[in-house]
1. Can you tell me which residue in segment 195-222 is modelled with the highest pLDDT, limited to those that are of a type in the set (Gly, Ala, Ser) and either in a helix (DSSP H, G or I) or touching a Leu at 6+ places or on another chain (Cβ under 7 Å) (or both)?
2. Just for helices (runs of 4 or more DSSP H) wholly inside segment 223-281: which have at least 2 residues that are in contact with a Cys (Cβ under 8 Å, 6 or more places away or on another chain) and in contact (Cβ under 8 Å) with a residue 12 or more places away in the chain?
3. Quickly run through segment 260-274 and pick out the residues that are surrounded by fewer than 18 Cβ atoms within 10 Å (Cβ to Cβ) and over 20 Å from GLY223 (Cβ atoms).
4. So, in segment 70-91, how many residues would count as being more than 12 Å from LEU123 (Cβ to Cβ) and among the β-branched types (Val, Ile, Thr)?
5. Kindly indicate whether ASP149 is modelled with pLDDT of 85 or more and in the same structural domain as VAL187 (by TED's automatic domain parsing).
6. For the subset of segment 698-711 comprising residues that are modelled with pLDDT under 90 and in a loop (DSSP other than H, G, I, E, B), which member is nearest to PHE754 (Cα to Cα)?
7. Just the residues that are under 11 Å from LEU784 (Cβ atoms) and either free of Cβ contacts under 8 Å to residues at least 24 places away in the same chain or crowded, with 17+ Cβ neighbours inside 10 Å (or both), please, taken from segment 697-721.
8. In segment 530-543, what residues are modelled with pLDDT under 80 and either crowded, with 18+ Cβ neighbours inside 10 Å or in a helix (DSSP H, G or I) (or both)?
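The values are calculated or read from the model by the stated rules, or taken from the named source; none is laboratory data. Only a predicted model underlies this, so the values are computations on that prediction, with no experimental measurement involved. Heads up, the Cβs are rebuilt from the backbone with ideal geometry, glycines too, and the neighbour counts pull from every protein chain shown.
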Amino acid sequence: MGDPHPLSSAHLTAAASSAREHRGPTNERLAASDPSTSFAKRPRVAAEPSDSGGCVPCVEADVRALVSVSGGIYPLARAGALRGLTAVLEKVDTSSCVSAAITDCCYKCAVELMRDDDNGVRLAVVRLVDACARNISARLDFDANGYGDLMDMIFLQLSSMARDMCTQVRMEAFAALGKMQRVSEGVLLQSLEKKVMKTDRMGVSIINGQKLPPKLKIPCAAGIFSHGVEDEFYEVRRTACKSLGALAKFSTQYTEKALDLLMDMMNDDTEAVRLQALEALFSMATYGCLSVQEKHMHMFLGLLVDANVLIRDAARKIFGLVNMPKLQIFKSAVDGLVTSLEKYPEEEDIYGIMFSIGKNHGSFSANIAKHLAKEITMASDGELILDKPRVKALLIVSISAPFSDDKHKQLGIPSIIFSYAIPLLEKISCALGEVDQDSLLSYLYHKGGMPFWENRSVSAEFGESESCNVETVKIGAHIENTAKEAKCLDEVLVMKSILEIVEGVWTMRMSCNVCEVRTIFRTCKEELRLLAENSSGSIGALLSFLSEYLDAILFIVEIWQLIQLDKPYTCGLTSLDILLERLDMSVRRMKYCYIGLNRVLEVQVLELSLIAHLCRLSKIAVCSKVVLGKVLWVINRLEDLCADGSCELSDFSGEIKKACDTNRIGDNLIGNINNLFQLFHLKPTTDFGMLKVISAMLRVCDNDSENPLQYICGLPVGVSFKISLWNISGHHRLWLRMTIGESVQHTFLEFSRFEGNDEVMSGSMVVPLYATPKTCSFVLRVCLVMECPSAGISTHQGGHGGPSDCVVQLSDELNVYFVSASQW
């Protein structure tokens, strides 16, 4: 009878020894195998074994033949046989009865050839050992049969191969180390330390578990990764970094020590190595075992502002997952991300990272929120500018605390943080993932202490009122159950609610801080903006009108508080002058840019205009004929509107009329401004009518800062514009205003050049710019303005081919870039 175990160790040893005994000097002169890619692609009959899905005797026969060839005298044949054995192992079913015998046979064959003189053979050996390790780890009886010591021995053998003189062998060895699925903590720690550790620190002693070959004692793994990251070839260093990160899942102590090596690699000259080190750190953070220490923060913060966008992106992702044990480290990370955002404002994914950092460190985020709330309260002008990247970032960090695992604690997030975070709704919802923005907005309102979405009157017929149903909002698994969501909100009802809030704020304007008024108005405007995104037609026009209305009311409150300060006279342009000009512009837009204003809305706009004139009279403290003439015109217009009895002249307007009638010079008006201001009341209307907004859009063809237009200094240059107009009729007078520094040129728009109707018109035109400056380059600021019909006494300085009266801007201001032809 034949041997029942044809792949036994004795059979293998005999076959290999027999093959080696017949090596002669002639055969040794054959060319050594080349481990390069071209060699790997050469066809080898031995490297193509039959499919293991066939009969077991066929697989055993293939393995026996390949083992025999591996002991031959030709390096190419030995390398090919080893590759064939690797292919067999990859196809064999690890749960089959023959798998263990085949794996053991292949592993013993590989061990015998680890010190082969040929580079290609040693490379094939490493790949075969790697395949054996995977098969052994996959065995169902791994723990029962004590294969742990064998896996440690394989790790040590691969560590020995990682010191090979051949670069490709070292790379393959480090790659195989990273794929190990079983290894003891002691061996892992030894691979990081160059100094040989004592046996009692090694946990499970490999020497006691299995007798190792004489040259494969534990010291062969000493500091293998330290040597790998210092290798002269960047490919080896990159592979070592990758394996360092892959092995982090086995031991927290190993991760802490490996972190030092990987942080040192951030100074590597090769970008690929740095990126791989960051990827390894990201893998550690993903396993949840990476904790940043204070000594590493300087290096991490430098990566956030690195010149390479890939480096910056990788560093930010690590911050989003890493654990920060101290508040100071957390603050340093936040400051570093803010610095990166300020330097690279286009990389808005930083906001998502900010939210993740805050969510992972709820208590630290709450600390940031409390400091930010104090900063908001102590702001000199009572307002925090949300356009600043730092403010946006800190708000998002602060708002993330309630979504953290620490939310069961009393974090004490100030309510003002939630109200200021409302304008950042889109960024917060993106950070949370797929979340209903209405639910999130309702949550922010609730936590901000503003009952804006609660107790809202809902009536299908506007005659009966019933409380709006409010239900608990659940955003994923993160939002607290105290958040509430309103249902069935109609846009008209929302606008009415806003007007009610504005009326309430106006009544308490004297007892309320301007900061609080500004916060409430900002919240209302953000609500209008969110509604306007999905609205058009008359509703969209009304939302735009209400936004202007809110601006005007806020300007009046701020102007009156500045006037009440009674500051001494100062020369030059002051904040009061700026606010007065903004108020005039806002009232002008409401007056001339909206078609279809009913009597009630027009009366409200005219009374706002009267307030603006009174504020200007109070500022100059003397009667101006120009301002007085405008006041008289407005009073006359109000009388005309109220003549048919559809509406009545308010006490405010009536007192102004009396003051003007008794003294045409206006002295009585100047003396009673305070009393008149107290008579003014906001009366929100419920009849909005059908509004249309006059607007325009201006575009320049093929021009930006990187693609400027050419010109010759001192000579005219033509600029091609594409213009779209909405709700413009023949009696409107539109101008194209072009500004260079203090130089302004107006060009009248002929509607005959446009196609369309009164609702939408579009066209293109080439406009010459006559006064080109004598510079190498300049930026032209362009916008469309509409001339307002003369009302009372005009103060606008017309002439020079421009508008004869005051104007209102219809389009956003556009930058057109020019460069001198001599510089091109």
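1. ALA221
2. Per the criteria, 252-264.
3. ASP269, THR270, GLU271, ALA272
4. Total satisfying the criteria: 2.
5. Judged against the criteria, ASP149 is not a match.
6. Ranking the qualifying residues of segment 698-711, first place goes to CYS701.
7. Those that are under 11 Å from LEU784 (Cβ atoms) and either free of Cβ contacts under 8 Å to residues at least 24 places away in the same chain or crowded, with 17+ Cβ neighbours inside 10 Å (or both): LEU698, PHE721.
8. Residues satisfying the conditions are LEU530, LEU531, ALA532, GLU533, GLY537, SER538, ILE539.
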